[in-house]
């Protein structure tokens, strides 16, 4: 028999309200009305340490554990290694998370920031498990919420991406009515994702700014980079070395990490531990790689490829520090059918432009 989870949903709403994630009665009513457990099927994985994961499904779990997991304010892993789901195994397995359901607090904060009102229509990009879609449909009505599978020619008052993206596609601007808004998490690095909100004008452009940090994950997290020797060994040439002028640990902070991503939106960034237990920060784009490692003499930079990636990162981080370390909410953006531009007012060194996608 399916347990009654009304009390668990109310308790979740209480926690989200106490955390400041719920700010109005309509969204609270949605959290209380929409059960989360159907959106966790066929199951989830719970970490047991050492990259080992215990499968938990509605059928094999203790009912109390299943209800507690479903209504916890946690992001729950729903897939390992790009294919494995919890119903396919019965004992703990090793693996790397490749899909998850977002923590309810992050979900409701994004929905709240969307500013959707009664009578609005909304397009959700990245349906995921469907929990956020159910909340939106409770708020706006079943017929007023479409998913990414909807008609691309139909425009909406609001467009919301419930996963992180590298850049906001111009197609989303075309799918938003003039006066409407797009809300999306920009940035796919472990730190540094920002929640961007832009308003669409009658001329087909969109202007806005980052309104805060975001914890929404990308559609598919990238697995840790396999390490086979140093950069020189992997590129087949002796990579030049030099001391780092700026510590890469700044990229553990949200704003510097976001700014570096705005310079290289198609980059991949990882942090790993080398053979001598040194920390290695790796930034890679198609054709170019930069690694910064904490060896005996401090942080050392190895770079390879046509673009000196770390030179540009250092320029950005230095300019940001000289500007007084502004928060990511100072970053503005403008999207046209030709390009996306980012900038911080009054600081010409902190400007970027990329071709529209």
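The values are calculated or read from the model by the stated rules, or taken from the named source; none is laboratory data. Values in this document were obtained by computation on a predicted structure and should not be read as measured data. All Cβ positions, glycine included, derive from the backbone under ideal geometry; neighbour counts span all protein chains shown.
Data for the structure
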read-out	value
Qualifying residue in the stretch 30-38 (condition: at pLDDT 95 or above, under 23 Å from the mean Cα position of the chain (by Cα), buried (at least 18 other Cβ atoms within 10 Å of the Cβ) and not assigned by TED's automatic domain parsing to the domain that holds residue 211)	yes
Hits in the stretch 188-221 - residues which are under 18 Å from residue 126 (Cβ atoms) and either at pLDDT 95 or above or assigned to a strand (DSSP E or B) (or both)	194, 195, 196, 197, 198, 218
For residue 101: the one exception among (1) farther than 16 Å from residue 162 by Cα; (2) modelled with pLDDT under 90	(1)
Considering residues of the stretch 112-140 that are within 20 Å of residue 168 (Cα to Cα) and either in a loop (DSSP other than H, G, I, E, B) or out of contact with any strand residue (DSSP E or B) (no Cβ under 7 Å at 6 or more places or on another chain) (or both) only, the residue modelled with the highest pLDDT	121
Any chance residue 14 is more than 22 Å from the chain's Cα centre (by Cα), over 26 Å from residue 138 (Cβ atoms), modelled with pLDDT of 90 or more and not assigned by TED's automatic domain parsing to the domain that holds residue 211	no
Search result, residues across the stretch 154-173 that are touching a helix residue (DSSP H, G or I) at 6+ places or on another chain (Cβ under 9 Å) and modelled with pLDDT under 90	162
Hits in the stretch 40-74 - residues which are in contact with a helix residue (DSSP H, G or I) (Cβ under 7 Å, 6 or more places away or on another chain) and either farther than 16 Å from residue 4 by Cα or assigned to a loop (DSSP other than H, G, I, E, B) (or both)	40, 42, 43, 44, 45, 55, 56, 57, 58, 71, 73
Candidate set from the stretch 164-178 (those that are under 12 Å from residue 265 (Cβ atoms) and part of a strand (DSSP E or B)); member that is farthest from the chain's Cα centre (by Cα)	165
Test for residue 294: is it part of a strand (DSSP E or B), assigned by TED's automatic domain parsing to the domain that holds residue 253 and either touching a strand residue (DSSP E or B) at 6+ places or on another chain (Cβ under 6 Å) or under 20 Å from residue 244 (Cα atoms) (or both)	yes
Set 122, 134: member being within 28 Å of residue 29 (Cα to Cα), touching a helix residue (DSSP H, G or I) at 6+ places or on another chain (Cβ under 9 Å) and crowded, with 21+ Cβ neighbours inside 10 Å	122
Filter pass, residue 255 being buried (at least 16 other Cβ atoms within 10 Å of the Cβ) and assigned to a strand (DSSP E or B)	no
The lone exception for residue 13 - which of (1) assigned to a strand (DSSP E or B); (2) crowded, with 19+ Cβ neighbours inside 10 Å it fails	(1)
Test: residue 143 is free of Cβ contacts under 8 Å to residues at least 24 places away in the same chain, surrounded by fewer than 20 Cβ atoms within 10 Å (Cβ to Cβ) and in a strand (DSSP E or B)	no
Hits in the stretch 60-82 - residues which are farther than 26 Å from residue 15 by Cβ and at pLDDT below 90	60, 81, 82
